[in-house]
Amino acid sequence: MTAPLIGCHALVWTGSFDSAGIIDSVIRTHRAGFNLIEFPLMDPEGFDTRVARTALADTGLLATASLGLPEHADISSDDDDVVAAGSRMLTAAVDVAAEIGAKQLCGVLYGAMKKHMSPLSERGWANSIRTMRQIADHAASVGVALALEVVNRYETNMLNTGRQALRYLEALDRPVSVHLDTYHMNIEESDLFQPFLDCSDRLGYVHIGESHRGYLGTGSVDFDTCFKALGRIGYTGPIVFESFSSAVVSPSLSRMLGIWRDLWQDSDHLGAHANQYIRGHLDAVQTIALH
Ligand code: MN
């Protein structure tokens, strides 16, 4: 059995992705016991891939990259210039991912990550599909796989459930996978079991987050059921801890996600706890085979 890739979102450690932030987040992710770090590429052009590559090589940590498209680069827009800007941003993010050796780019890649005030238009859907095909082909050519994150209604008007993501993938007709996140599932899905089974072999990436995005086990997400489902489908992809507090602020991302409260202060304690929590659940679920 392949060892699970247990990762941590870099915003647990730092809100600024300059050289110091990149190095610090890699060292502390490794120290907390994870074997993967997810870098949010809110500014792909400004990300120092050389520094990241060196830090990753020094620790042996693997990396993935993620992105939520901003409003001015929304590939689901009706405006062709905005779609073109989104295409450029996604291409840059794919290239950064490839340069740091990340095998996956995940997140809200299919449209703007924001509170929308109107439903998606037919033209917006078509623009997103057409652009995503080009991005998926480019990504495949440089060895990066794309995973599309399903998020709640306040962060997208496109993919709020796993089944909606599957319909998008059917229209896309490319080897792109679904990225599920327990924080969002807890808001939109029927439960924390069926969506994993629905996605099954199309599931390529998982975020583990609490209902308030704080310490795992202190909110209302049904993690016991979630890990049973991951065990049932034999999921072997990355499982990445995502948590945010006003103790660590990324000026762009934290505000968009509505991180106004201080749910924790000690990143090192939080990270070590999450790493053990996830591994403990995965170990326990393995024994279901003996039942
Ligand atoms: Mn997420």
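The values are calculated or read from the model by the stated rules, or taken from the named source; none is laboratory data. Here the structure is a predicted model, which means the values were calculated and not measured. Here the Cβ positions follow ideal geometry from the backbone for every residue, glycine too, while neighbour counts run over all protein chains shown. Quick note on the areas: whole protein, heavy atoms, side chains included, nothing else; ligands and nucleic acids left out. Shrake-Rupley method; radii C 1.70, N 1.55, O 1.52, S 1.80 Å.
Note on segment 260-276: residues that are open to solvent by 50 Å² or more (accessible area, probe 1.4 Å), in a helix (DSSP H, G or I) and under 14 Å from T218 (Cβ atoms) total 2. Taking the criterion of being surrounded by fewer than 17 Cβ atoms within 10 Å (Cβ to Cβ), small (G, A, S), in contact (Cβ under 8 Å) with a residue 24 or more places away in the chain and away from the ligand (no atom under 14 Å from the Cβ), the residues of segment 207-235 that qualify are G217, S220.
With a cut-off of at least 3 residues that are farther than 18 Å from E242 by Cβ and of a type in the set (D, E), name the helices (runs of 4 or more DSSP H) lying wholly within segment 19-99.
Per the criteria, 80-99.
Of the helices (runs of 4 or more DSSP H) contained entirely in segment 129-206, those carrying at least 2 residues that are surrounded by 16 or more Cβ atoms within 10 Å (Cβ to Cβ) and of a type in the set (S, T, N, Q) fall at 182-188. Picking from residues in segment 236-270 that are under 25 Å from N35 (Cβ atoms), more than 16 Å from the ligand (Cβ to nearest atom) and small (G, A, S), the one that is modelled with the highest pLDDT is S267.
Only one entry of A63, A57, A73, A85 meets the criterion of being farther than 21 Å from V249 by Cβ and in contact with a Leu (Cβ under 7 Å, 6 or more places away or on another chain), and that entry is A63. Does R88 satisfy being surrounded by fewer than 21 Cβ atoms within 10 Å (Cβ to Cβ), free of Cβ contacts under 8 Å to residues at least 60 places away in the same chain and within 16 Å of the ligand (Cβ to nearest atom)? Judged against the criteria, R88 is not a match.
Residue pairs whose Cβ atoms lie under 6 Å apart, separated by 6 or more positions or on different chains, with the first residue in segment 242-253 and in contact (Cβ under 8 Å) with a residue 12 or more places away in the chain and the second part of a loop (DSSP other than H, G, I, E, B) and of a type in the set (F, W, Y), are S245/W264.
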